[in-house]
1. Tell me, yes or no, whether the range 218-225 has at least one residue that is farther than 20 Å from residue 268 by Cα, surrounded by fewer than 16 Cβ atoms within 10 Å (Cβ to Cβ) and assigned by TED's automatic domain parsing to the domain that holds residue 170.
2. Test residue 455 against the stated conditions and say whether it is more than 30 Å from residue 316 (Cβ to Cβ), assigned by TED's automatic domain parsing to the domain that holds residue 400, touching a strand residue (DSSP E or B) at 6+ places or on another chain (Cβ under 6 Å) and surrounded by fewer than 19 Cβ atoms within 10 Å (Cβ to Cβ).
3. Looking at residue 207, is it in a loop (DSSP other than H, G, I, E, B) and over 23 Å from residue 319 (Cβ atoms)?
4. Just the residues that are under 19 Å from residue 97 (Cα atoms) and either touching a strand residue (DSSP E or B) at 6+ places or on another chain (Cβ under 7 Å) or surrounded by 22 or more Cβ atoms within 10 Å (Cβ to Cβ) (or both), please, taken from the range 58-82.
5. Is it the case that some residue within the range 439-452 is buried (at least 19 other Cβ atoms within 10 Å of the Cβ) and either in the same structural domain as residue 314 (by TED's automatic domain parsing) or in a strand (DSSP E or B) (or both)?
6. Of all residues being modelled with pLDDT under 95 and in a helix (DSSP H, G or I) in the range 1-47, which is surrounded by the most Cβ atoms within 10 Å (Cβ to Cβ)? Just the residue, please.
7. Considering only residues that are over 33 Å from the mean Cα position of the chain (by Cα), crowded, with 20+ Cβ neighbours inside 10 Å and part of a loop (DSSP other than H, G, I, E, B), which ones fall in the range 413-428?
């Protein structure tokens, strides 16, 4: 009597073992973890078998040119790695084309080869790829990890790429772990390590720090939870290019700035640690418009530069065009920020530059150069100029008082304002020296008490203002906070925004913090010029409660 060996593939609908499709030499090569024999045909035959929905990969390293995963497959990798052996250009080591797949513990290694555009290409140009879940994905030694949608350089795909999940994603030696380019895509990722790092990379092909990104998402909606985003070993280029990404409970550690390339990024319960003192945390290129960045319960920190200052804003929007500047929103809600002194020897450095709509709600701000100055930023409260009945838009001059210094001051209304706002602004023209246009009338003690904001030592305020010096830079100009005691005597004339930050023909949105000195009882805000002209509008003054 003869015996017939029964294999998994002989049972209708049962999982198949890819070894059942291989020769003895191929199996030995895989089991020895050599990956020197191409087993593409055997693996593809197992994946394409119409009589089974399950595929099992025993422990080993499987050398392939490129394989494609079709519809409705349950795939289990038991310590198995797919290794790319391609010697000519290929789109990916593994292409996930199908839908309704569950894949466990897949590991992919393109072996640093530039013959592959990416390790995993998740896409179907015709029908889309939906309802897939990957558990415990590992990608090593790759130029690009995952491409979701169209390949880099191609237009975004339009078939549905939604209802997909990735639970657990580990990278090692990957230059660009994620690239999203699916216009109709939705992706959920949990427990991922998006680490752009040159671990193990050879001299050739070289790891490209300028092109490296932990995340690139240009099209499609991406949800990332409980994950790390890291590009900390180099400050070249950018850490990420973000569009339509929702982060929750994530940690960012980086040197190069994070670039905002589109709209509606949201960060909830995240922590940002910028390792480079003199680089911005976020950067906006010139074409970004109608963008909304929302930070909720986030902690943001970067170290101080030389002298506990920096030469760059926390969020750099200097490249934004004037037209686009009015369309972008940034909101910090119940956040904590640790940064440096905004005032430097070379000029005023704003927290965020060139943004029209910057909102703070219960956001705590610590200065890294001070153990006492802690602010609660909240500009959803009432503008103190509005509460006091003072013009803040540049409509009338009756609540702005001309004050002669070493020169003569004249206050008028100018038919000039930032694009998209009111059509006019307050204009101060000084001749023969310095002068001011102030919210406080300093003619006498009585007028100071009648027109000044009542304050007490230690009070903290935040100020935002649109300003420009249209005739060019001139020392002695800028924005001042003036403090007087109960007798009307001047306590301090404090420069809170210097002329360098508002000089030129373009309007600048600038911000300042104000700390009330000892003996002060009344405060006024003033624009100042020295034989020059300054214009300003949208003046907003808010209390920033001291947290000490």
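The values are calculated or read from the model by the stated rules, or taken from the named source; none is laboratory data. The shown structure was predicted, so the numbers you read here are calculated from the model rather than taken from an experiment. Reconstructed Cβ throughout: ideal geometry from the backbone, glycine too, with neighbour counts over all protein chains shown.
1. Pass one, the range 218-225, residues farther than 20 Å from residue 268 by Cα: 218-219.
Narrowing the set further to residues that are surrounded by fewer than 16 Cβ atoms within 10 Å (Cβ to Cβ) leaves none.
No, the range 218-225 contains no residue that is farther than 20 Å from residue 268 by Cα, surrounded by fewer than 16 Cβ atoms within 10 Å (Cβ to Cβ) and assigned by TED's automatic domain parsing to the domain that holds residue 170.
2. No.
3. yes
4. Within the range 58-82, 64, 65, 66, 67, 68, 69, 73, 74, 75, 76, 77, 82 qualify.
5. no
6. Pass one, the range 1-47, residues modelled with pLDDT under 95: 1-16.
So of that shortlist, the ones also in a helix (DSSP H, G or I) come out as 8-10.
Details: 8: 16, 9: 18, 10: 12.
Filtering first and then ranking leaves 9.
7. Listed by number, the list is empty, since nothing qualifies.
Let's see how each residue does on (1) outside any loop (DSSP other than H, G, I, E, B); (2) within 29 Å of residue 186 (Cα to Cα); (3) assigned by TED's automatic domain parsing to the domain that holds residue 21; (4) modelled with pLDDT of 95 or more:
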{"residue": "61", "(1), (2), (3), (4)": "yes, no, yes, yes"}
{"residue": "68", "(1), (2), (3), (4)": "yes, yes, yes, yes"}
{"residue": "72", "(1), (2), (3), (4)": "no, yes, yes, no"}
{"residue": "75", "(1), (2), (3), (4)": "yes, yes, yes, yes"}
{"residue": "81", "(1), (2), (3), (4)": "yes, yes, yes, yes"}
{"residue": "88", "(1), (2), (3), (4)": "no, no, yes, yes"}
{"residue": "95", "(1), (2), (3), (4)": "yes, yes, yes, yes"}
{"residue": "100", "(1), (2), (3), (4)": "no, yes, yes, yes"}
